[in-house]
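Enquirer: Have a look at this one.
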Amino acid sequence: MLLVVVLLAGCASSAPQPAPTPTPTTSQTPTVQASVPSELLPDEDWLLVDATVTPNPASYRVTLTFSDGQVAGKGPVNQYSGQVSLGPGTIQTAGLASTKMAGPPERMAAEQAYLQALQTATIWEVGDEMLTLSDATGPLLVYAAPDSAAAFAASLVGLSAKQAKAQIVDEGYEVRVVSVDGDTRPATMDYRPDRINLTIVDGVVTKATQG
């Protein structure tokens, strides 16, 4: 009887044990959100109209386009692209790269400032056909939606005063010149969505805003 008990115990100890269940591991690689919120107008070009960085790149027709997991556009000199992760009101870019064309020093400096600001931005907000990218300290870059009045106004920069005024009238807006060669003209503070305000230096439009 003792022998039988020992043999049974030996068989029990040698029986195969079930393999341990692997512990799930969490990937440390950040995921890129593919979908683009409709407010960000996927695959359409936002036009930069203002910036708080120096040198200000807003006069170089800089654009920004969102697509699935990607951000791209035209800088002051080069085309750029990279990854983007978007949440409700949040943005994070990664791997921004640009083409390697050279340009005037002031444009190259503005491009560097722009790309740095785009990488720094953590917050997005859309309202009144305007997109604002900010960080914890405040707004960095402001864009106008395509075909908006603000985008049209920005497109006038670099034109002669005569050309700009003609285009404004053709588009059905009212023209107001607010500054000529540094001399500020008297102007009321009311907001008019059908009005374009021009700043002119040496006969050329250097700034144009709606309102």
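Enquirer: Could you tell me the calculated FRET efficiency between Met189 and Gln119, based on Cβ-Cβ distance and R0 = 35 angstrom, to the nearest 0.05?
Expert: 0.45
Enquirer: Could I ask something else about it? Give me the dipole magnitude in Debye, nearest 20, for the range 32-110 about the Cα centre, with unit charges on the beta carbon: positive for Lys and Arg, negative for Asp and Glu.
Expert: 340
Enquirer: Determine, for each peptide in 124-132, 98-106, the mean count of other beta carbons within 10 angstrom over its residues, then list the peptides with the highest first.
Expert: Output ranking for 124-132, 98-106: 124-132, 98-106.
Enquirer: Compute the separation of the alpha-carbon centres of the range 90-108 and the range 131-175 and state it in Å as a whole number.
Expert: 22
Enquirer: At q = 0.11, 0.16 Å⁻¹, work out log10 I(q)/I(0) for the range 99-211 with the Debye formula, treating every Cα as an identical point scatterer and leaving solvent out; two decimals please.
Expert: One equal scatterer on each Cα of the range 99-211 leads to -0.46, -0.91.
Enquirer: Looking at the range 133-211, what % of its DSSP beta bridges pair antiparallel, to the nearest 5?
Expert: Bridges in the range 133-211 are about 65 percent antiparallel.
Enquirer: Kindly sort Ser81, Ser38 by accessible area of their heavy atoms, largest first, with the probe set to 1.4 Å.
Expert: Working: Ser81 55, Ser38 90 Å².
Putting Ser81, Ser38 in descending order of accessible area: Ser38, Ser81.
Enquirer: Let me have the relative contact order for the range 47-135, percent, based on Cα pairs under 8 Å that are six or more residues apart.
Expert: That works out to 23 percent.
Enquirer: With the alpha-carbon atoms as the only input, what is the per residue convex hull volume for the range 156-197 in Å³?
Expert: Here the figure is 75 Å³ per residue.
Enquirer: When the convex hull of the Cα atoms of the range 44-113 is projected onto a plane and the area is averaged over all directions, what value comes out in nm²?
Expert: Mean orientational projected area (the range 44-113, Cα hull): 4.9 nm².
Enquirer: So for the range 124-178, what are the equivalent ellipsoid semi-axes in whole Å, largest first, each being the square root of 5 times an eigenvalue of the Cα gyration tensor?
Expert: The answer is 27, 12, 9 Å, longest axis first.
Enquirer: Something else about it: Show me the three semi-axes of the equivalent ellipsoid for the range 25-168, from the C-alpha gyration tensor (sqrt of 5 times each eigenvalue), largest first, rounded to whole Å.
Expert: Taking √(5λ) for each eigenvalue gives 27, 18, 13 Å, largest first.
The values are calculated or read from the model by the stated rules, or taken from the named source; none is laboratory data. Because the structure is predicted, anything quoted here is derived from the model rather than measured. Glycine also receives a Cβ, built like all others from the backbone with ideal geometry; neighbour counts cover every protein chain displayed. We work out accessible area using only protein heavy atoms, side chains counted, and drop any ligands, DNA or RNA first. Shrake-Rupley method; radii C 1.70, N 1.55, O 1.52, S 1.80 Å.
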